[in-house]
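Peer 1: Dropping the structure in here first, questions after.
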Amino acid sequence: MSKKIVIIGGDAAGMGAASKIRRTHKNWEITVFEKSPHTSYSACGMPYLIAGQVDRPEKLIARSPETFINDYNIQAKTLHEVIQIDPDKQKVLVKDLEKDEAFWESYDKLLIATGASPNKPAIPKINTQGVFCLSTLQSGIEVWQFMEKHKPKKAVIVGGGYIGVEMAEALLEKGLEVTVIDRSAYVMKTLDQDMSEDICQSMRKAGIHLMLEESLTAIETDENHQLQAVKTDKKHIPADLVILGMGVKPNTKIAEEAGIKLCDTGAVLVNDKMETSISNIWAAGDCASSYHILKEKPMFIALGTIANKHGLIAGSNMAGENSTFPGVLGTAITRFNELEIARTGLKELEAKSMGLAYKVATINSSNYAGYYPGAGKIKVKLLARKDNLQIIGAQIIGKKGSAKRIDTIVAAISAKQTAQDLTMMDLAYAPPFSNVWDPVQIAARQLV
Ligand code: FAD
């Protein structure tokens, strides 16, 4: 029997689920409500749009609402915000943002894929023109347009996480003077401090003013409300562009109001089928929890890699199949200029806070054979359980080809392999790619 599917949120998780359901059921009615003007866009590509490496925002759109209706018979209604879920009557209240009208839409099965929103400090003038957060494609287009129109010269980035680091690279590339402030003692807090120090060094060498252990306290404007500067607890920094990269929180308001259970981290609590606590309602992507395989608890980790997999699993189960999501390791990569950065599993600080006895090896090597032209540095930090040497985490920084080496370690952790297993894994070698002992294996050997 045909079913009526409603999906809230039209990006990675939402459209991934919609596409999976359509592949399984040609005749089911599928409607997606998306409050922004775009569907299926790559937020991850926005720093490269702003840097000018991607020349137009349209290139970041994988599929438009027209493509969804014409090629997939999926109704994707943009500029439509779902403002309420009524789980008893199985319907949602939708606001048409263009017409400013609301209407109820019924569903047999509902997916919440509302993503996450950037954290904004509660300080005056935070909404001044020139102060931006990056989240939806629309938010990236606004920064891009502002840069084209106003040609800012001095940028302050608040937050040294991956968005802050990627935006620092992008704005430097555009010729701006860039200051990054972070209240922590180091950037990229998903890494341990000893690994982050190389990133801080690289950022400073490239000309970034890196202000650590400093917090944003105020936005300053002139008498015409034009952005002039930011104030921290230590100084005053002139700025005509401010990017806030202060982390994100899951968009759960409508879920919570509907009585759906959240987990400790604030995300919608889901099981391994992506089912929520209320029947016929699933959740996927940044708004939903992910079971952490090593921490053995639900976590909030906002990444496109996870959102796409969540979408596929939720879609499959909504379509009536029986699929399970195995969980995550918190694997992530980024870069600052030529320095590639990667992490997976537990960092040392996390292993310590879990009370886990572990062994750690940190090695310095080269990304290619040392004699091969262009060879550069790579640093690998590898963690294993002390009792059985099972690999539990890694961080890698280095030149070209370094970051994706993390995937070898992800595979090892997923297969519950030990440092000995990793040492003997039949990895590839030729001088333009690696040493005969891959740096990952050099680190593993130190643990054995
Ligand atoms: P979203 O992409 O946030 O989509 C949710 C959608 O729901 C939004 O379009 C929103 O408008 C809509 N919505 C919300 N509430 C409602 C409502 N009530 N009614 C209707 N619509 C609603 N991840 C990586 O893995 N690698 C990267 O390199 C990477 N780089 C990134 C760079 C930047 C600058 C940013 C901002 C993110 C990056 N990410 C990266 C994260 C990645 O983009 C997200 O994890 C991913 O987009 C999450 O997909 P989602 O579908 O869960 O949520």
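Each value in this text was obtained by applying a stated rule to the coordinates, not by laboratory testing. If you're wondering where the values come from, they're calculated on a predicted model, not measured in any experiment. Every residue, glycine as well, gets a Cβ built from its backbone with ideal geometry; the counts of neighbours run over all protein chains shown.
Peer 1: What does the charge count around Ser316 come to, taking other residues whose C-beta lies under 11 Å from its C-beta (Lys +1, Arg +1, Asp -1, Glu -1)?
Peer 2: Within the 11 Å Cβ shell, the charges total +3.
Peer 1: Next up: How do 5-12, 41-48, 59-66, 127-134 rank on mean C-beta neighbours within 10 Å, highest first?
Peer 2: Ranking, from highest mean packing down: 5-12, 41-48, 127-134, 59-66.
Peer 1: Can you give the Rg to Rh ratio for the stretch 384-425, taking only C-alpha atoms and Rh from Kirkwood?
Peer 2: Result: Rg/Rh = 1.00.
Peer 1: Moving on to the next point. Using the Kirkwood formula over every pair of different C-alpha atoms, what hydrodynamic radius in Å results for the chain? Before the final figure, lay out the partial values.
Peer 2: Working: mean 1/r = 0.0427 Å⁻¹.
Every distinct Cα pair counted, the radius reaches 23.4 Å.
Peer 1: For the stretch 331-417, run through the chymotrypsin sites (Phe, Trp or Tyr not before Pro) and keep only the ones in DSSP coil with at most 15 other Cβ atoms within 10 Å of their Cβ. Kindly include the intermediate steps, with their values, before the conclusion.
Peer 2: Details: sites: Phe336, Tyr358, Tyr368, Tyr371; in loops: Tyr368, Tyr371.
Within the stretch 331-417, the qualifying chymotrypsin sites (Phe, Trp or Tyr not before Pro) (loop, at most 15 other Cβ atoms within 10 Å) are Tyr371.
Peer 1: Percent of Cα-Cα pairs more than 14 Å apart in the stretch 1-55, please.
Peer 2: 60 percent
Peer 1: On to the next question. Just Pro37, Pro432, Pro373 to compare: in a GNM of the chain, with alpha carbon springs under 10 Å, which one fluctuates most?
Peer 2: Evaluated over the chain, the most mobile residue of the options is Pro373.
Peer 1: Which part of the stretch 315-342 falls in the paramagnetic zone of Glu173, meaning amide N under 16 Å from the point 7 Å along Cα-to-beta-carbon?
Peer 2: The answer is 334-341.
Peer 1: What is the local net charge at Pro326, summed over the other residues whose Cβ is closer than 15 Å to its Cβ (Lys, Arg +1; Asp, Glu -1)?
Peer 2: +3
Peer 1: Using the Kirkwood radius built from alpha carbon pairs, what does the Stokes-Einstein equation give as D for the stretch 307-422 at 10 °C and 1.306 mPa s, in µm² per second?
Peer 2: It comes out at roughly 101 µm²/s.
Peer 1: From the convex hull of the Cα coordinates of the stretch 110-201, what is the mean projected area in square nanometres?
Peer 2: Convex hull of Cα atoms, orientation-averaged projection: 8.1 nm².
Peer 1: Between Thr24 and Lys235, take the C-beta separation as r, use R0 = 51 Å, and let me know the FRET efficiency to the nearest 0.05.
Peer 2: Efficiency for this residue pair is about 0.35.
Peer 1: Contour minus end-to-end for Phe433 and Gln193, with contour as 0.36 nm per residue of separation and end-to-end as the Cα-Cα distance?
Peer 2: 83.6 nm
Peer 1: Now for a separate question. Just want the ordering: Trp28, Trp282, from fewest to most Cβ atoms lying within 10 Å of their own Cβ.
Peer 2: Trp28, Trp282
Peer 1: Limiting things to C-alpha atoms, what are the Rg and the maximum Cα-Cα separation (Dmax) for the stretch 213-262, in angstroms?
Peer 2: Over the stretch 213-262's Cα set, Rg and Dmax evaluate to 17.1, 47 Å.
Peer 1: What's the extension gain from Lys253 to Ala218 if we count 0.36 nm per residue and subtract their Cα-Cα distance?
Peer 2: On the way: separation 35, 0.36 × 35 = 12.60 nm, distance 2.78 nm.
So the extension gain works out to 9.8 nm.
Peer 1: At 24 angstrom or more along the helix axis (alpha-carbon based) and mean Kyte-Doolittle of -1.0 or higher, what helices does the chain contain? Whole DSSP H runs only.
Peer 2: Counting only whole DSSP H runs, no helix qualifies.
Peer 1: Tally Lys and Arg at +1 and Asp and Glu at -1 over the other residues with C-beta under 14 Å from the C-beta of Val436: what net charge comes out? Can you show the working numbers first?
Peer 2: Values: positive: Arg445; negative: Asp426, Asp438.
So the environment of Val436 carries a net charge of -1.
Peer 1: Regarding the stretch 1-148, what is the average projected area of its C-alpha convex hull, in nm²?
Peer 2: The orientation-averaged projected area of the Cα hull of the stretch 1-148 comes to 10.6 nm².
Peer 1: At 222 nm, what value in deg cm²/dmol follows for the chain if DSSP H runs of at least 4 each add -39500 (n - 2.57) and the sum is divided by all its residues, to the nearest 500?
Peer 2: Here the helix-only value at 222 nm equals -7500 deg cm²/dmol.
Peer 1: Could I ask something else about it? Which FRET efficiency value, to the nearest 0.05, is calculated for Lys153 and Ser184 with the Förster distance at 22 angstrom and r the Cβ-Cβ distance?
Peer 2: On the way: r = 27 Å, r/R0 = 1.23.
After rounding to 0.05, the efficiency reads 0.20.
Peer 1: Where does each of Thr190, Thr324 land when they are ranked from fewest to most other beta-carbon atoms within 10 angstrom? Before the final figure, lay out the partial values.
Peer 2: Numbers: Thr190 18, Thr324 12.
Exposure proxy ranking, most exposed first: Thr324, Thr190.
Peer 1: Let me ask another. Let me check against my output: what whole-number percent is the relative contact order of the chain, with C-alpha pairs under 8 Å and at least 6 apart?
Peer 2: Averaging sequence separation for qualifying contacts and normalising by length gives 13 percent for the chain.
Peer 1: Residue separation times 0.36 nm, minus the C-alpha to C-alpha distance between Gln226 and Asp86: what's the value?
Peer 2: Residue separation times 0.36 nm, minus the Cα-Cα distance, leaves 46.1 nm.
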